[in-house]
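The values are calculated or read from the model by the stated rules, or taken from the named source; none is laboratory data. Note that the structure is predicted; figures quoted are calculated from it, not measured. Ideal geometry is used to build each Cβ from the backbone, glycine not excepted, and the neighbour counts take in all protein chains shown. Keep in mind that these areas ignore ligands, DNA and RNA; they rest on the heavy atoms of the full protein, side chains included. Shrake-Rupley method; radii C 1.70, N 1.55, O 1.52, S 1.80 Å.
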Amino acid sequence: MSVLEAYIFATLLLGFFGIIFKKNLMMKIIAMDVMSTGVIAYYVLIAARGGFFTPIATGATPGPYADPVPQAVILTAIVIGFSIQALMLVGVMKLARNNPTLETDQIEINNTP
Amino acid sequence: MNPLLADIPGVIPWIALPFFIGFSINLFPKLDRPLAVVVALSSLVYGAVQLLRPLPQTLELLGHFGVTLVIDSFSGALILTNGLVTLAVLLYCWQTGKSTFFYTQVVIIHGSVNAVFICADFISLYVALEVIGIAAFLLMTYPRSDRALWVGLRYLFVSNTAMLFYLVGALLVYQANHSFAFAGLGAAPPEAIALIILGLLTKGGVFISGLWLPLTHSESETPVSALLSGVVIKAGIFPLVRCALIVPEVGEILALLGMGTALLGVGYAIWETDTKRLLALSTVSQVGFMLAAPPVAGFYALTHGCSKAALFLIAGNLPSRQFAQLAQLPIPNVLRGGMAIAALSIAGLPGLGGFPAKALAMKDLLPWQATVLNIAAVGTAIAMAKFILIPFQPTPAPQPSRGLLLALVLLVGAIFAANGLGPDAYTAANGLKALGIIALGGLLYYFVVQRWSLNLPRVGERLEHLIGMMTLMLTALFWMVVT
C-alpha cells in the first residue's frame, strides 16, 4: 500500500512541477491533468484501505467492502476537472490564432499591461 | 414537509432558484434581465431575514456522510452582500446590451457564491468554488480578446491547482474523521490543515497566494470587476473564517496571515498609478481585516463589498484609468460624490458603514495586532485619498448613464444603512481615532506619497511564480500548523 502511495505522490508532484517548468501552454494544461490524476488515484487508494469489494447489496458477502464515500466524491471532482480542462483547451485554441507557438512567456508578455 | 427542512424554511427553493433560472434563461432570452433581478432580490430578502435571526440553523441532508448546511447571521450578512452587489451590477448592465449568456453566468456565479455561504462541509464547498471558478472565467473572457483570454486562463490555472491541493487536504480530513464536515478540521493531521488553508487562501486572494488578484480584477470588464471584488472573493474568505471560528488554532494562523496581507496590499496600493489596479490591491489588503477579526467578518464583508463594487463601477466610467491623466480631465460631480462616499467608507469615516465595521474589528484584538491593523488602516486612507483628492476641473463633464446612477444609489444607500448594524461602535474614542487615521492618511498622501513615485516590481505576478509560490506557502503553513 505504501508503495502505491509513493507512486501517487510522485504523479502529483510531477504534474505540479510540469505546470511550473513546461514552457508550452498546452503542456501546462496536460501537466495539470496529470496532477489531477494523482489526486483521483489518491482518493481511490484511500477508499480501498478497508477492502476491495464494490459495496453493492447482494445476498452473499464476498469480503470487506471499499469505502463508497470518497469514490462518490471523486466522481464529482473528475467531472469538474474534465470540464475545466475542456474550457481551458478552448481558450488555448483561441489564443493559438495569434500565438501559434503557445509559448507561455511570450503570451504573458504580450498580454500583460 | 420534512421535519428537517422545517428548521430552515425556504433554504432548498432559495438555493436552487439561481441554478434553475440560470439554465432556463437561455430558453427565454427576452426575459434574461428581469429573471436575473428576481434571483438577486430573492437573496437580498433571504439574506436580510437570516441576518436578523439570532440562532444558527443547521441542516444535514442524507445523514452523516451527506451535505451539511449551516446558516447564521454571518451567512446572512454575506448573502445580503451578494444580493446587493449582484443587483447593482444588473442595474448597471441593464442598458449596455450584454447577451443572455452574460446574464446566465452572473446568475450561476450568484447561486454558487450563495452555496458557499451556507455550506459547512469540504466537498460542497469544493463543488461551489469550482463552479465559481468556471463562471468567473466565462465572465472574464466575455470580451473574447486575447488579453481577456490570457487573464482568464491564468486565473483558472492558479485556482484549479490550488483546488487540487485542497482536495488532497479534504481527503485527509475524511480519513481522520470519516466525515467531510468543517468541524473535523481540528482532529485532522497538520498536512491536511496546511493543504486546505492553502487552497482557500489562493481562492480568497490572501497574502502572497493572492498576487493573481490585481491583474485579474483590474483587467476584467467594469461590472465583472465589481462582482469579483465585491463578493466573489469573499467566497474564499468565508470558509476560512468559518474554520477559524470552529478551530481556534487555525484562527491564530489566519490572523497572522490576515495582518500580512493587510500590509502587503496597502504597501502596493499606495504607490499604484492605475485606478482599477489600486482598487484590486486594496481588496487584497481588506480581506486581511476580515481574517484578523473572524466574529465581525460578515459585517466587514458587507460594507467592503458595497463600497468596493461602487468604486469599481465608478472607476470604469472615469475618462481615464491613470491618476495623472484624471487630474486634467473633467469628472461628473455625481461620480465624484459617489467615489468620495465609497472611498471614505473603506477608509472608515464615522457616519458611513465602514466605520462601525472597522471599529468592531479592532475591538477584540491583541495590542500588537491592533497596531499592525492601524498601520494598514492609515495605508488604506492614503490609497483612498488618491480618489478623493483628484484635482477639480471646471469644464463640464458628460452625464453618466442611468444604470450607473441607479446602481450607485443602491450601493451608497446600503453603505449608509449598514451603520444601523453596529450602533455600539459609536463612541468618542473610536470616532476620534478614525478621524485621526483619515487625517494622517490624507496628510501623508499630500506631503509624501503624491510627490514621490515608486515602481514596485511585479515579477511575483507571473504565472510560474504564482504556482511556485504555492510550494513556499505550503511549507510555511505546514510549519505554522506544527509549531
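Just so you know, in segment B:364-381 the residues that are part of a helix (DSSP H, G or I) and free of Cβ contacts under 8 Å to residues at least 24 places away in the same chain include one that is surrounded by the most Cβ atoms within 10 Å (Cβ to Cβ), and it is B:ALA370. Please determine whether any residue of segment A:53-65 is in contact with a Phe, Trp or Tyr (Cβ under 7 Å, 6 or more places away or on another chain) and surrounded by 15 or more Cβ atoms within 10 Å (Cβ to Cβ). Yes, because at least one residue in segment A:53-65 is in contact with a Phe, Trp or Tyr (Cβ under 7 Å, 6 or more places away or on another chain) and surrounded by 15 or more Cβ atoms within 10 Å (Cβ to Cβ). Please indicate, with yes or no, whether at least one residue in segment B:48-59 is buried (at least 24 other Cβ atoms within 10 Å of the Cβ) and more than 30 Å from B:GLY169 (Cβ to Cβ). There is no residue in segment B:48-59 that is buried (at least 24 other Cβ atoms within 10 Å of the Cβ) and more than 30 Å from B:GLY169 (Cβ to Cβ). Is segment B:264-274 home to any residue that is in contact with a helix residue (DSSP H, G or I) (Cβ under 6 Å, 6 or more places away or on another chain), open to solvent by 20 Å² or more (accessible area, probe 1.4 Å), within 25 Å of B:SER124 (Cα to Cα) and not β-branched (Val, Ile, Thr)? Looking through segment B:264-274, none of the residues is in contact with a helix residue (DSSP H, G or I) (Cβ under 6 Å, 6 or more places away or on another chain), open to solvent by 20 Å² or more (accessible area, probe 1.4 Å), within 25 Å of B:SER124 (Cα to Cα) and not β-branched (Val, Ile, Thr). Residues that are in contact (Cβ under 8 Å) with a residue 12 or more places away in the chain and open to solvent by less than 50 Å² (accessible area, probe 1.4 Å) within segment A:84-104 comprise A:GLN85, A:MET88, A:VAL92, A:LEU95, A:LEU102, A:THR104, listed in sequence order. Quick check on my filter: what residues within segment B:142-178 are under 24 Å from A:SER36 (Cβ atoms), hydroxyl-bearing (Ser, Thr, Tyr) and facing chain A (nearest Cβ under 10 Å)? B:SER159, B:THR161, B:TYR166, B:TYR174, listed by residue number.
Looking at B:SER345, is it open to solvent by less than 20 Å² (accessible area, probe 1.4 Å), farther than 19 Å from B:LYS308 by Cβ and not basic (Lys, Arg)? In short, no. Of all residues in segment B:71-94, those satisfying the criterion of being in a helix (DSSP H, G or I) and either open to solvent by 10 Å² or more (accessible area, probe 1.4 Å) or among the acidic types (Asp, Glu) (or both) are B:SER73, B:PHE74, B:LEU80, B:LEU84, B:LEU87, B:LEU91, B:TYR92.
The residues listed here are B:LEU472, B:LEU405, B:LEU466; of these, the one that is within 30 Å of A:THR112 (Cβ to Cβ), outside any loop (DSSP other than H, G, I, E, B), open to solvent by 40 Å² or more (accessible area, probe 1.4 Å) and touching a residue at least 60 places away in the same chain (Cβ under 8 Å) is B:LEU472.
Does A:ILE30 qualify as being more than 21 Å from B:ALA136 (Cα to Cα) and more than 10 Å from chain B (Cβ to nearest Cβ)? Criteria met by A:ILE30.
One line per residue, one yes/no per condition, for (1) away from chain A (no Cβ under 14 Å); (2) surrounded by 12 or more Cβ atoms within 10 Å (Cβ to Cβ):
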site	(1), (2)
B:ASN419	yes, yes
B:ALA428	yes, no
B:LEU435	yes, yes
B:GLY441	yes, yes
B:ARG462	no, yes
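Within segment B:26-62, the residues that satisfy the criterion of being aliphatic (A, V, I, L, M), under 30 Å from B:PRO295 (Cβ atoms) and part of a helix (DSSP H, G or I) are B:VAL39, B:ALA40, B:LEU41, B:LEU44, B:VAL45, B:ALA48, B:VAL49, B:LEU51.
Per-residue answers, yes or no, for (1) over 18 Å from the mean Cα position of the chain (by Cα); (2) more than 24 Å from A:PHE9 (Cβ to Cβ); (3) surrounded by fewer than 23 Cβ atoms within 10 Å (Cβ to Cβ); (4) more than 11 Å from chain A (Cβ to nearest Cβ):
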position	(1), (2), (3), (4)
B:ILE196	yes, no, no, yes
B:GLY205	no, yes, no, yes
B:SER218	no, yes, no, no
B:SER229	no, yes, no, yes
B:ARG242	no, yes, no, yes
B:LEU245	yes, yes, yes, yes
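Looking across B:VAL449, B:VAL412, one residue alone is open to solvent by less than 40 Å² (accessible area, probe 1.4 Å) and either closer than 30 Å to B:THR96 by Cα or of a type in the set (Phe, Trp, Tyr) (or both). It is B:VAL412.
Scanning segment B:127-147 for residues being of a type in the set (Ser, Thr, Tyr) and open to solvent by less than 40 Å² (accessible area, probe 1.4 Å) gives a total of 1. For segment B:293-337, filtering for residues that are among the small types (Gly, Ala, Ser), open to solvent by 10 Å² or more (accessible area, probe 1.4 Å) and touching a residue at least 60 places away in the same chain (Cβ under 8 Å) leaves 2.
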